[in-house]
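Single-structure report; data block below.
The values are calculated or read from the model by the stated rules, or taken from the named source; none is laboratory data. The structure displayed is predicted, hence computed values, not measured ones. A quick note on method: Cβ atoms are made from the backbone with ideal geometry, for glycine too, and the neighbour counts reach across all protein chains shown.
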Amino acid sequence: MKRTALIALLPLALLLLLGAGARTASAQEKAAAQPKIQASAIQVEMVKSDEIQLPIQFQLALYEHLISEITKTGKFQHVYRDGDKDAASASGLVILHSNVFGFKQGSEEKRQVTTVSGATQIKVHVNFTDKDGKSELSQDVTGNVRFLGGNLRATYDYAKKVAQIVTTDFQ
């Protein structure tokens, strides 16, 4: 009886797997169809926090992790910091604007004890613009630290996600 039930479920399992594969291929085709943004340099502006009060250590960590992770992608010949005068004469420049709109500071102690509470979360709106301010790409990115690590680890998670956007959407 058990063997018959397994044999009967086998075609259903195959259909589910093939359907999931088709959806994955479709998502890949859509990503490939969308043209990648061409840029040879990026200027990372200081992270702003217009809507909420963000502790300065988080603001600085967000900025420094962004610089580091974007540089690691190797997508740009130059990565300029906010206020760098050489960026004005750079060709193919995009500017990264980041604005924090959500922040929940968790507890490192609670994470170590329970692993289900104490999460830190940072929500940031990122906008890549050209020199004239025309938006090239805009989306919301969330940095989290849920289990292990200090609260500032959420800034690293955010920067890694932005670097992933750079890797997939820039040529």
**Report entry** Every residue from the stretch 64-86 that is within 17 Å of T168 (Cα to Cα) and small (G, A, S)
**Finding:** G74
Requested in this report: Looking at (1) more than 15 Å from V100 (Cα to Cα); (2) at pLDDT 95 or above; (3) of a type outside the set (S, T, Y), find the lone condition where K36 falls short.
Outcome: (2)
Report summary line: Over the stretch 82-100, the set of residues of a type in the set (D, E, K, R) and assigned to a loop (DSSP other than H, G, I, E, B) is D82, D84
Query raised in the report: Residue check, H125 against (1) at pLDDT 95 or above; (2) not in a strand (DSSP E or B), all met but one. Which one?
Result: (2)
Query - Those residues of the stretch 157-171 which are part of a helix (DSSP H, G or I) and over 15 Å from Q43 (Cα atoms), in sequence order - result: D157, Y158, K160, K161, Q164, I165, T167, T168, D169
Report task. Look through the stretch 40-64, keep the residues that are over 18 Å from the mean Cα position of the chain (by Cα) and closer than 21 Å to G74 by Cβ, and return whichever of them is modelled with the highest pLDDT. Result -> A41
Query - Residues satisfying the stated conditions in the stretch 54-85, i.e. buried (at least 20 other Cβ atoms within 10 Å of the Cβ) and of a type in the set (F, W, Y) - result: F58, F76, Y80
